[in-house]
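*Asks:* Structure in structure tokens, see below.
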Amino acid sequence: MENNNINYSIKLMGLMIFTSVFLMQTGICNAKGLDMFKGVKQQVLRISGGTAHIPVMKEAAKRIMQFNPEIQITIAGGGSGTGIRQVGEGLVDIGNSGRHPTKTEIKKYKLKIYKWAIDGVAAVTNPKNRVKALSTKQLQDIFSGKIVNWKDLGGVDRQIDVYTRDKSSGTRAVFWKKALKKSDITDKANVVVSNGAMKTAIRNDPFGIGYVSVGFIDNHVTAITLDGIKPDMDSVKSGRYKIARGLYSNTKGEAKGLAKKFIDYLLSPDGQKLVLNKGFIPVK
Amino acid sequence: MNFKEKIAKFIFFSSSILSAGVIFFILGFMIILAFPVFSKGLFFDMLTGLWSPDHGLFGILPMIAGTVCIAGLAVFISIPISLGCSCFIFLVNPGRTGKFFKKIVEAMTAVPTVIYGFTGIFLLVPLVRNLFQHGSGMCILSSAIMLALLISPTMILFFIQSFSLVPKNYLNAVDALGGNMSQKFLYVIIPNAWRGMITGIILSSGRALGDTLISLMISGNSTAFPGSVMDSARTLTAHIALVIAADFDSIEFKTIFLSGICLYVMTCTGVILARITMKKQNFQRNNEI
């Protein structure tokens, strides 16, 4: 009995030493780019805006909050327009946008702009759809409501369900300007409120077409080959796929305090690796 | 009245003035912010026009139509369901089973709308799309069905309450005369309880009109004027949620306040109607007793 107990405690001790060494190691690994968050006391960082940014924001926030539990980071969507306005009005510390803020916005809110990734915007359909490639003209006709049936494009005989984003969306602004060349979007189009919601909608609707950030594309949705060029990280990076934009984080005036540290982290080698992992193209 | 009582009276009076005042304050606030629309003579264009900001059209008529269609259809679906359910709980099986179902219905009132929204997207929308072989499934019908589910608990509880206000001796009289259950329901309960039922219907239509999340998630939010129940449509509430991110100085943003005023007027009319019918019912009852 006694012996058993001693055995048990030795085992427990061994386990404890092992876990502490393990924890120390992971701690050291993670600490590389995160060192600047050491010693930050009880602070909240509020982020809102672009929905394409959210996967990167969430992962960065998770790492930072694990490294220093005293830091609290909240992330909200809303779209680029919302992000710019909220940061301009001082409601959040960082307002993300998937388009460059306009001159009036920059002047009105005294924005300072930080670009930390490049991203493409691709038209997407359901993987069950036979149509996998379109021309710009066809894309314009689909979104303006001139082509209404998939059979005219070599698909099944079903009505095309067009999905678009609300006015606040930077993804919409870029897609409308560069892919649709500013042609109309039909008022019959369904409207969804984020890149995530768009992906869910297209994933569930075999007859839908919409557009998302290239970082959101995986095997649940098909990225439409446009004018013979498949949108992926390589073609966006090389500039062959033209419908691309920067991902920006904006602050009111020069970024300072925790907001500055957060943006510095995104631009650090660690942060840029994270950007790449999430399917976006690093700027450095 | 001593000093303490006076102070208490003052505090209660001012807090009730404050809470009542907020309602008028909000209406005033919306009218003031929508004032540029009134002064530029855009009011009727906006109220009766179509929505296409790229072409300079800022009409919210499609949204008004969307709201009325979705809420109306939801109430239309919900009435028979609620009637059947409340009849079961009150009349057919008032014992343990009925109490159990009533508890479930009461629990349903606490389910957050976002849950209904999610369930709708993943279960109802594909079902509607496959069943009717038309469109995306994000349509007036889907969101009306989901809204019907949302408002039926309110309606059921209101129905049961107004049934239980029917004097017991009436019901006993039916039993004594050898009347069966459907006779009791059709000829005694409904004629005596209909005002309370209407109040329930009006209040739950108010809930259907004012709900944002379900319509935002399921109805598709297209700005075209709805032509059939299979069409995607946008409600006023969803419109507000979608346009609020637009530039503050734009005309688009001003339509938010107009939409707000429309909703305000719609729900207020409903509540006032409910009040009037309720008052009449009480009056009638007092006279009888």
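*Asks:* Pull up region B:96-107, narrow it to residues that are crowded, with 16+ Cβ neighbours inside 10 Å and touching a residue at least 24 places away in the same chain (Cβ under 8 Å), then point me to the one that is farthest from residue A:192 (Cα to Cα).
*Replies:* Filtering region B:96-107 for residues that are crowded, with 16+ Cβ neighbours inside 10 Å and touching a residue at least 24 places away in the same chain (Cβ under 8 Å), the one farthest from residue A:192 (Cα to Cα) comes out as B:102.
*Asks:* Would you be able to tell me the number of residues in region A:264-284 that are over 15 Å from the mean Cα position of the chain (by Cα) and assigned to a helix (DSSP H, G or I)?
*Replies:* Total meeting the criteria: 5.
*Asks:* Okay, moving on. Scanning region A:95-118 for residues that are touching a Gly at 6+ places or on another chain (Cβ under 8 Å) and away from every other protein chain (no Cβ under 14 Å), which turns out farthest from residue A:266 (Cα to Cα)? Show your work before the answer.
*Replies:* Quick first cut of region A:95-118, residues touching a Gly at 6+ places or on another chain (Cβ under 8 Å) only: A:95-100, A:105, A:108-112, A:115-118.
Add one more test, that the residue is away from every other protein chain (no Cβ under 14 Å), and what stays is A:100, A:110-112, A:115-118.
Working: A:100: 18, A:110: 22, A:111: 18, A:112: 16, A:115: 10, A:116: 7, A:117: 9, A:118: 13 Å.
Here the answer is A:110.
*Asks:* Let me ask another. Of the residues that sit in region A:99-142 and are touching a residue at least 60 places away in the same chain (Cβ under 8 Å) and part of a helix (DSSP H, G or I), which one is surrounded by the most Cβ atoms within 10 Å (Cβ to Cβ)?
*Replies:* Step one: filter region A:99-142 for residues touching a residue at least 60 places away in the same chain (Cβ under 8 Å), giving A:99-101, A:109-129, A:131-136, A:139, A:142.
Keeping just the survivors that are part of a helix (DSSP H, G or I) gives A:109, A:136, A:139, A:142.
Values: A:109: 21, A:136: 16, A:139: 22, A:142: 25.
By that ranking, first place goes to A:142.
*Asks:* So which residues in region B:100-139 are among the aliphatic types (A, V, I, L, M) and in contact with a Leu (Cβ under 7 Å, 6 or more places away or on another chain), if there are any at all? Give the steps one after another, and end with the answer.
*Replies:* The initial filter retains those residues of region B:100-139 that are among the aliphatic types (A, V, I, L, M), namely B:104-105, B:107-108, B:110-111, B:114-115, B:121, B:123-125, B:127-128, B:131, B:138.
Passing the criteria: B:105, B:114, B:128.
*Asks:* Given the residues B:102, B:9, which is the only one that is of a type in the set (Lys, Arg), modelled with pLDDT of 90 or more and within 28 Å of residue B:214 (Cβ to Cβ)? Steps first, answer last, please.
*Replies:* Working: B:9 fails: within 28 Å of residue B:214 (Cβ to Cβ).
It is B:102.
*Asks:* Additional query: Tell me yes or no: at least one residue of region A:256-276 is free of Cβ contacts under 8 Å to residues at least 24 places away in the same chain, small (Gly, Ala, Ser), at negative phi and out of contact with any Gly (no Cβ under 9 Å at 6 or more places or on another chain).
*Replies:* Of the residues in region A:256-276, the ones free of Cβ contacts under 8 Å to residues at least 24 places away in the same chain are A:256, A:260, A:273, A:276.
When the remaining residues are screened for being small (Gly, Ala, Ser), the result is none.
Within region A:256-276, none of the residues are free of Cβ contacts under 8 Å to residues at least 24 places away in the same chain, small (Gly, Ala, Ser), at negative phi and out of contact with any Gly (no Cβ under 9 Å at 6 or more places or on another chain).
*Asks:* Let me ask you something else. Looking at (1) of a type outside the set (Phe, Trp, Tyr); (2) over 14 Å from the mean Cα position of the chain (by Cα); (3) away from chain B (no Cβ under 12 Å); (4) crowded, with 24+ Cβ neighbours inside 10 Å, find the lone condition where residue A:82 falls short.
*Replies:* With (1) of a type outside the set (Phe, Trp, Tyr); (2) over 14 Å from the mean Cα position of the chain (by Cα); (3) away from chain B (no Cβ under 12 Å); (4) crowded, with 24+ Cβ neighbours inside 10 Å applied to residue A:82, the lone miss is (3).
*Asks:* Of A:256, A:252, which residue is charged (D, E, K, R) and either within 20 Å of residue A:172 (Cα to Cα) or touching a helix residue (DSSP H, G or I) at 6+ places or on another chain (Cβ under 6 Å) (or both)?
*Replies:* A:252
*Asks:* Which residues, taken from region A:90-131, are among the hydroxyl-bearing types (Ser, Thr, Tyr) and under 13 Å from the mean Cα position of the chain (by Cα)? So that I can check it myself, show each step before the final result.
*Replies:* The initial filter retains those residues of region A:90-131 that are among the hydroxyl-bearing types (Ser, Thr, Tyr), namely A:97, A:102, A:104, A:109, A:114, A:125.
Passing the criteria: only A:97.
*Asks:* While we're on this one: Quick check: is even one residue across region A:9-27 at pLDDT 80 or above and not aromatic (Phe, Trp, Tyr)? I'd like the intermediate steps shown before the answer.
*Replies:* If we filter region A:9-27 for residues that are at pLDDT 80 or above, which is where we start, we get none.
The answer is no, given that none of the residues of region A:9-27 is at pLDDT 80 or above and not aromatic (Phe, Trp, Tyr).
*Asks:* Quick check on my filter: what residues within region B:240-269 are under 19 Å from the mean Cα position of the chain (by Cα) and more than 10 Å from chain A (Cβ to nearest Cβ)? Give the derivation first.
*Replies:* Of the residues in region B:240-269, the ones under 19 Å from the mean Cα position of the chain (by Cα) are B:240-241, B:259-269.
Passing the criteria: B:240, B:259, B:260, B:261, B:262, B:263, B:264, B:265, B:266, B:267, B:268, B:269.
*Asks:* I would also like to ask the following. Looking only at region A:119-176, how many residues end up being at pLDDT 90 or above, acidic (Asp, Glu) and under 24 Å from residue B:240 (Cα atoms)?
*Replies:* Going through region A:119-176 one residue at a time, the tally reaches 1.
*Asks:* Scan region A:167-193 for residues that are hydrophobic (A, V, I, L, M, F, W, C) and within 9 Å of chain B (Cβ to nearest Cβ) and report the count.
*Replies:* Here is the first cut: in region A:167-193, the ones hydrophobic (A, V, I, L, M, F, W, C) are A:173-176, A:179-180, A:185, A:189, A:191-193.
Narrowing further to those that are within 9 Å of chain B (Cβ to nearest Cβ): A:185, A:189, A:191-193.
Total meeting the criteria: 5.
*Asks:* May I pose another question? If the requirement is being of a type in the set (A, V, I, L, M, F, W, C) and within 14 Å of another protein chain (Cβ to nearest Cβ), which of these qualifies: B:33, B:50?
*Replies:* Numbers: B:33 fails: within 14 Å of another protein chain (Cβ to nearest Cβ).
When all the criteria are applied, what remains is B:50.
The values are calculated or read from the model by the stated rules, or taken from the named source; none is laboratory data. All of these numbers come straight from a predicted model, not from anything done at the bench. As a convention, Cβ positions derive from the backbone with ideal geometry for all residues, glycine included, and neighbour counts pool all protein chains shown.
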